[in-house]
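See below for the structure under consideration.
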Amino acid sequence: MKFSNMKYIRPNIELILSKYNDIIQNFKNSDSYQLQIKYINHHEELIKSFKTMQTLAHIRHTIDTKDKYYTDEYKFIMSSSPIIEEKVQILYKEILESKYINDIKANIGEIFISNLKISMETFSKNIIHLLQEENALKVEYQNLIASLRVDFNGEKLNLASLTPYKSNQDRDIRKSAFLAEGLCLKNIKPELDRIFDKLINTRHEIATSLGHDSFTPVGYSRMGRDCYNEKDVEIYRKNIIDLVVPFLIKIKEKQSKRISLTDMKIYDDIFSFKDGNPKPFGTFDDTIQAGKEMYTNMSDITKDFIDFMINNELFDLISNPNKAAGGYCTFIYDYKSPFIYSNFNGTSGDVDVFTHEAGHALAGYLTKDEKICEIKSPNLETCEVHSMAMEYFAWPWLDLFYKEDVEKAKLAQIEHSINFLPYGTMVDHFQHILYKNPEMSSNERDEKWLELEKIYRPYINFDDIPFYKDGSGWQRQLHIYMTPFYYIDYCLAETMALQFWSLSQENFENAFNKYIEFVKIGGNDNFINSINKVNLNSPFEKNTIQTIIENIKNFINQI
């Protein structure tokens, strides 16, 4: 069905709760595992219906944050979801205590049971009001960022529309764009601090109510992590500091020479070539058409996928003044449809986001018939492998987007990947510090961010750019407010995606087939097991990162 025809109806919360009471009671009274699975399936239908309305409200709210109807509906759903979650958790408890648990596990899968156990670690009826407060604060942050208008060149631009100026060929324009953005963000810093103060205090109270000393274990459980822990992530961060940061410094030295600058500043960091960064050729429509042609030619699977997406209007890609920041892919359960959202702005980021989110959407499309909501999608680090690897599988078709700038686009992308790893790891490190020290003041948080900058990005010079020079740059990172501890998933996934990239350089068809095999596992296994099933190397191994660096060095030398 076309997205425009997908009807939103406000969920009847009382009716849903009543249905859950029936499901729970019938499940408890069942005298066979077949009957219990029947009531699990009733739960699946009910929760998918609720999630469908939640997703439709979310999409339409982010498309136009000034639309009062969908803003109110999204707030209503975000407020209602913890109430629904209470009933879901009661059912989960009954499933885990069922005398037929082994039969259920044999029929639905061990990962289903594992996911239920982890989910129960993040919820208690005593924290419903705190979850509602947390959700309200996240909506407030998202709306605040979406409402920002930066005064620049006589225009009032949202943050996405300012992005092309931040990588402009003219250094003065780049600096002016950063200055304008910094001033705009500095003006709302009291609001950003107020929201985050409330968020971190609320999350700490959630954690203590669940019996933890800090929010960190709750954050890990929310991410569904069942095959690696905080210590593994700490080892990964150390490998990034020891191996990637020195390599990145060398890349930055080469970049400095390439753009003829000896005093690189923050506004030069993403400027890759003296004659300008590669940009998609033509209009936004040209970029979309290039994407259609790429996926049509990539494989029979991707051809069917892109036809499905286009025929059903499952995109909203172009920036407009009222759209929420960022990009995402989500899934509309009742219609078995992925949906891609972005903010095209005429930079290479349009291609990156289009291919990235299409990787998520392809995974959703290939697993759209999965009946069990809890195992339809894997954990987010696995999901991000789907998306980040797709960015590299687009390489044979990059000429459709960039024409004669295709080699520059490849070099810029691979350098950006190395540039990202320390930054993403720093975001994760910063969050571990925050949640272990929730009493930190705003100034202390900013000071800690600047300390980490010296470790992970020692080459960065913030010059006199307000907000950023003061250590407040972390507040621009949406994930820190919205989804704590998510960001390391991107880093782990980038490490895996670069393995797929290396394989694709040797034999594209074999690498792509391995990728499709990996995607089709879906949520039926955990991250490490899924990696092992397709014979890739763990990102937590030092040798994995060393090998990736060597492969990238060889590629850069060839260019």
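The values are calculated or read from the model by the stated rules, or taken from the named source; none is laboratory data. This structure is a prediction, so every number in the text was calculated from the model and none was measured. Counting neighbours? That spans all protein chains shown, and the Cβs are built from the backbone with ideal geometry, glycine included. What goes into the accessible areas is simple: the full protein's heavy atoms, side chains included, and nothing from ligands, DNA or RNA. Shrake-Rupley method; radii C 1.70, N 1.55, O 1.52, S 1.80 Å.
In this structure, is Tyr69 part of a helix (DSSP H, G or I), closer than 23 Å to Lys117 by Cβ and open to solvent by 30 Å² or more (accessible area, probe 1.4 Å)? For Tyr69, the condition - part of a helix (DSSP H, G or I), closer than 23 Å to Lys117 by Cβ and open to solvent by 30 Å² or more (accessible area, probe 1.4 Å) - is not met. Of all the criteria given as (1) open to solvent by 20 Å² or more (accessible area, probe 1.4 Å); (2) without any contact (Cβ under 8 Å) to a residue 40 or more places away in the chain, the one not satisfied by Pro396 is (2).
Scanning segment 311-327 for residues that are surrounded by 16 or more Cβ atoms within 10 Å (Cβ to Cβ) and either closer than 14 Å to Ile59 by Cβ or without any contact (Cβ under 8 Å) to a residue 24 or more places away in the chain (or both) yields Asn312, Leu314, Phe315, Asp316, Leu317, Lys323, Ala324, Gly326, Gly327. If I filter segment 53-65 down to residues being of a type in the set (S, T, N, Q) and either open to solvent by 10 Å² or more (accessible area, probe 1.4 Å) or modelled with pLDDT under 95 (or both), which single residue comes out as farthest from Thr330 (Cα to Cα)? The extreme case among them is Thr65.
Matching residues to (1) surrounded by 14 or more Cβ atoms within 10 Å (Cβ to Cβ); (2) closer than 25 Å to Glu73 by Cβ:
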position	(1), (2)
Lys2	no, yes
Asn5	no, yes
Arg10	no, yes
Ile16	yes, yes
Gln25	no, no
Asn29	no, no
Tyr33	yes, no
His43	yes, yes
Lys51	yes, yes
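The single residue among Ser221, Ser260, Ser272 that is among the polar types (S, T, N, Q), surrounded by 19 or more Cβ atoms within 10 Å (Cβ to Cβ) and farther than 25 Å from Gly473 by Cα turns out to be Ser221. For segment 412-425, state whether one or more residues are over 22 Å from the mean Cα position of the chain (by Cα), surrounded by 17 or more Cβ atoms within 10 Å (Cβ to Cβ) and assigned to a helix (DSSP H, G or I). Scanning segment 412-425 turns up no residue that is over 22 Å from the mean Cα position of the chain (by Cα), surrounded by 17 or more Cβ atoms within 10 Å (Cβ to Cβ) and assigned to a helix (DSSP H, G or I).
On the stretch given as segment 447-459, residues that are in contact with a helix residue (DSSP H, G or I) (Cβ under 8 Å, 6 or more places away or on another chain) and of a type outside the set (Phe, Trp, Tyr) total 6.
Looking at Glu381, is it touching a residue at least 60 places away in the same chain (Cβ under 8 Å) and either part of a strand (DSSP E or B) or on the phi < 0 side of the Ramachandran plot (or both)? Criteria met by Glu381.
Tell me, please, whether a residue that is out of contact with any Asp or Glu (no Cβ under 9 Å at 6 or more places or on another chain), in contact (Cβ under 8 Å) with a residue 40 or more places away in the chain and on the phi < 0 side of the Ramachandran plot can be found in segment 251-260. Checking segment 251-260: not a single residue is out of contact with any Asp or Glu (no Cβ under 9 Å at 6 or more places or on another chain), in contact (Cβ under 8 Å) with a residue 40 or more places away in the chain and on the phi < 0 side of the Ramachandran plot. Is it the case that Glu253 is touching a helix residue (DSSP H, G or I) at 6+ places or on another chain (Cβ under 8 Å), of a type in the set (Asp, Glu) and in a helix (DSSP H, G or I)? It is false that Glu253 is touching a helix residue (DSSP H, G or I) at 6+ places or on another chain (Cβ under 8 Å), of a type in the set (Asp, Glu) and in a helix (DSSP H, G or I). Please work out if Ile372 is within 30 Å of Leu46 (Cα to Cα) and open to solvent by 10 Å² or more (accessible area, probe 1.4 Å). So Ile372 fits the description; yes.
Assess whether Asp242 counts as being in a helix (DSSP H, G or I) and either surrounded by fewer than 16 Cβ atoms within 10 Å (Cβ to Cβ) or aliphatic (A, V, I, L, M) (or both). So Asp242 passes the test. Here Asp213 fulfils each of the conditions (1) part of a loop (DSSP other than H, G, I, E, B); (2) under 25 Å from the mean Cα position of the chain (by Cα); (3) modelled with pLDDT of 95 or more apart from (2). The lone criterion from (1) over 21 Å from the mean Cα position of the chain (by Cα); (2) more than 30 Å from Ile414 (Cβ to Cβ) left unmet by Tyr435 is number (1). Taking helices (runs of 4 or more DSSP H) as the structural unit, those lying wholly within segment 471-527 and holding at least 3 residues that are on the phi < 0 side of the Ramachandran plot, open to solvent by less than 10 Å² (accessible area, probe 1.4 Å) and in contact with a helix residue (DSSP H, G or I) (Cβ under 9 Å, 6 or more places away or on another chain) correspond to 487-506, 508-520. Quick check, is Glu407 surrounded by fewer than 19 Cβ atoms within 10 Å (Cβ to Cβ) and in contact with a Gly (Cβ under 8 Å, 6 or more places away or on another chain)? For Glu407, the condition - surrounded by fewer than 19 Cβ atoms within 10 Å (Cβ to Cβ) and in contact with a Gly (Cβ under 8 Å, 6 or more places away or on another chain) - is not met. The criterion of being modelled with pLDDT of 95 or more, farther than 30 Å from Gly109 by Cα and part of a loop (DSSP other than H, G, I, E, B) does not hold for Phe430.
All conditions in (1) more than 25 Å from the chain's Cα centre (by Cα); (2) open to solvent by less than 40 Å² (accessible area, probe 1.4 Å) hold for Leu144, with the sole exception of (1). When you look at Phe50, is it more than 24 Å from the chain's Cα centre (by Cα) and touching a residue at least 24 places away in the same chain (Cβ under 8 Å), yes or no? In short, no. If you go through segment 275-289 and pick out every residue that is in contact (Cβ under 8 Å) with a residue 60 or more places away in the chain and open to solvent by 30 Å² or more (accessible area, probe 1.4 Å), you end up with 6.
You will find that of Lys436, Lys408, the residue that is under 30 Å from Asn135 (Cβ atoms) and out of contact with any strand residue (DSSP E or B) (no Cβ under 8 Å at 6 or more places or on another chain) is Lys436 and no other.
Among the residues of segment 324-353, the one identified as over 15 Å from the mean Cα position of the chain (by Cα), polar (S, T, N, Q) and at pLDDT 95 or above is Ser337. The set of residues in segment 97-108 being open to solvent by 20 Å² or more (accessible area, probe 1.4 Å) and in contact (Cβ under 8 Å) with a residue 12 or more places away in the chain consists of Tyr100, Ile101, Asp103, Asn107, Ile108. Residues in segment 433-446 that are of a type in the set (D, E, K, R) and part of a loop (DSSP other than H, G, I, E, B): Glu439 alone.
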